[in-house]
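The next block holds one structure in the form of structure tokens; read it before the comments.
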Amino acid sequence: MASKLHLETALLPGGWATDVVLTVEHGTIVAIGASGGDAAERIHGISVPGLPNLHSHAFQRAMAGLTERRGAATDSFWTWREQMYRFVDRLTPDDLEAIAALAYIEMLEAGFTSVAEFHYLHHQPDGRPYDNIGEMSERIVTAADTAGIGLILLPVFYRQGGFGGQPATAGQRRFLNTRESYARLMETRVPGGTIGIAPHSLRAVTLDDLTWAATTFPKGPAHIHISEQTREVDDCLAAHGKRPIDLLMDTVEIDARWFLIHATHADAGEIARLATAQATVGLCPITEANLGDGLFDVPALLARNGRFGVGSDSNVRISAADELRTLEYGQRLTRRERNVLGDPTRSTGRRLFEAALGPNALAVGQGADFVVLDGSGLGGDAALDHWIFAADNAAVRSVYCRGVPVVQQGRHKDRDGLLAKYRNAVSRLLSA
Ligand code: NGQ
Ligand code: ZN
């Protein structure tokens, strides 16, 4: 069952290498060698490990382009959220599957080889569970399988409308679970993938619920939205007398399994704490710009050797390169400096890229998940910088997941059929 792939140029954990031969068995790299041999399929271009997408709400892909219009009052994250709730109200399981499948092939075409789906659209529009309570979760699993992307399914635990036990609004009723119904969602099977917990936010669960979820499911990844808006920080201080990340870290044991999504308004003390705990900050620069969230202090995190990655969140635009570029440009614009997130040992694009890889690498024991870039005549770090700062998604030539080419010549193999299904779903939604 072993196959061999001969990479012309590849980014290995130790740096750039040429003529790298991967031996792949059942999707996993079992050996890395230096010589070709006839059996190996030759892959031209610059091969780099696939990036993990740390945060997605796939259904929001279908809202791209629908919320860029000023309302009567000042628009904000909170007015956008009301529009999102109205959109959610009409989504069926078929819609979710069609939209998620398109979002996932676009992620692959952008160089993401796995997605952490922060999934909260669990129930029927009136809040009653589907006959199969896991219906919507299973649609996400099917969409990921159709696209061929790695899936970390994060069923979201959502219990209340806001701090201090505020009742959920009508727009939030599809998201709600008891502890019992949540435990059933956590039984969803994710073949070849992973499942993890996702208390939605400190707004949407009580501290008791948070502790319950973390201790009932002590293994696997744990994700939470946190500190994205200054109002959330203010409300948290008013309700609990602590800032959100301090409150989280005083309530449950935060370690390397935790992903703190956004963390935009973390202060210096909170950044030091989460870095020491080896939690990963899940930054979503395109969405954070689109929603007017603010800028996370990445230099402070890097100074503490903290971990970060990127997520496409609202999927208003799906591009790993653009996430990294927007992250760096936000810092350049506020500091009026260049190469803010770089270091002298490598290019800024490579530094950002390697940070966002997390544990992903072209190495024995890892999945054979990699992206082949067209370097436009450039090699090494310059090819990565060209992708991130110039060519964007157009530089992605092919993408391999578990050793199988899912994207070739920049296009996913099933793009046409999945795009047609997506368009049907969106036109039905907009006319409903
Ligand atoms: C979400 N999105 O769950 O889709 C949220 C909005 C909320 C972002 N935070 C809802 N970007 O946070 O209450
Ligand atoms: Zn989110």
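The values are calculated or read from the model by the stated rules, or taken from the named source; none is laboratory data. These numbers come from a predicted model, not from an experiment. Note that each Cβ is placed from the backbone with ideal geometry, even for glycine, and that neighbours are counted across all protein chains shown. In case anyone asks, the SASA skips ligands and DNA or RNA and just uses the protein heavy atoms, side chains included. Shrake-Rupley method; radii C 1.70, N 1.55, O 1.52, S 1.80 Å.
Grouping the Cα pair distances of the stretch 24-162 into 10 Å bins from zero gives a pair-distance distribution of 10, 32, 29, 16, 9, 4, 0 percent in increasing distance order. Working note: Karplus 6.51/-1.76/1.60 with θ = phi - 60° gives the stretch 208-219 the couplings 5, 4, 4, 5, 4, 4, 5, 8, 6, 10, x, 10 Hz, where Gly and Pro are set to x. For GluC sites (Glu not before Pro), the sites in the stretch 108-187 that DSSP calls loop and that have at most 12 other Cβ atoms within 10 Å are Glu187. Solvent-accessible surface (1.4 Å probe) assigned to Ser76 amounts to roughly 50 Å². Under the √(5λ) rule applied to the eigenvalues of the Cα gyration tensor, what semi-axes describe the equivalent ellipsoid of the stretch 338-430? Give them in Å, descending. Those come to 30, 18, 14 Å. Comparing Cα centroids, the stretch 309-370 and the stretch 112-139 end up 29 angstrom apart. Among Asp313, Asp343, Asp208, the sequence by solvent-accessible area, most first, with a 1.4 Å probe is Asp208, Asp343, Asp313.
Normalised by 2.2 N^0.38 Å, where N counts its residues, the alpha-carbon radius of gyration of the stretch 234-392 equals 1.10.
In the chain, the DSSP beta bridges split such that about 45 percent are antiparallel, to the nearest 5. Only helices enter this figure: runs of n ≥ 4 DSSP H residues, each worth -39500 (n - 2.57), summed and divided by the residues of the chain, yield -10000 deg cm²/dmol at 222 nm to the nearest 500. Residues Met186, Met1, sorted by accessible area with the largest first, give Met1, Met186 [1.4 Å probe; ligands and nucleic acids excluded]. For the pair the stretch 226-248 and the stretch 383-413, the centres of their Cα atoms are 39 angstrom apart. Over the stretch 63-121, the fraction of Cα-Cα pairs per 10 Å bin, rounded to whole percents and listed from the shortest bin up, is 17, 42, 33, 8, 0. For the chain, the Kirkwood estimate of hydrodynamic radius, built from reciprocal distances between every pair of different alpha carbons, is 22.1 Å. Sequentially through the stretch 243-251, phi angles give Karplus couplings (6.51, -1.76, 1.60; θ = phi - 60°) of 6, x, 6, 4, 4, 4, 6, 7, 9 Hz, Gly and Pro residues having no value and appearing as x.
If I take all pairs of Cα atoms in the stretch 336-381, what percentage of them are more than 16 Å from each other? Of the Cα pairs, 54 percent sit more than 16 Å apart. In terms of its Cα atoms, the stretch 142-206 spans 40, 21, 17 Å along the principal axes, sorted from long to short. What share of Cα pairs, in percent, lie more than 17 angstrom apart in the stretch 182-267? Taking all Cα-Cα pairs of the stretch 182-267, the fraction more than 17 Å apart is 46 percent. Among the protein heavy atoms of the stretch 289-432, carbon and sulfur supply 49% of the accessible surface, probe 1.4 Å, non-protein parts ignored. Projecting the Cα atoms of Leu207, Ser114, Ala170 onto the charge dipole of the chain, computed from C-beta unit charges around the Cα centre, puts Ala170 farthest toward the positive end.
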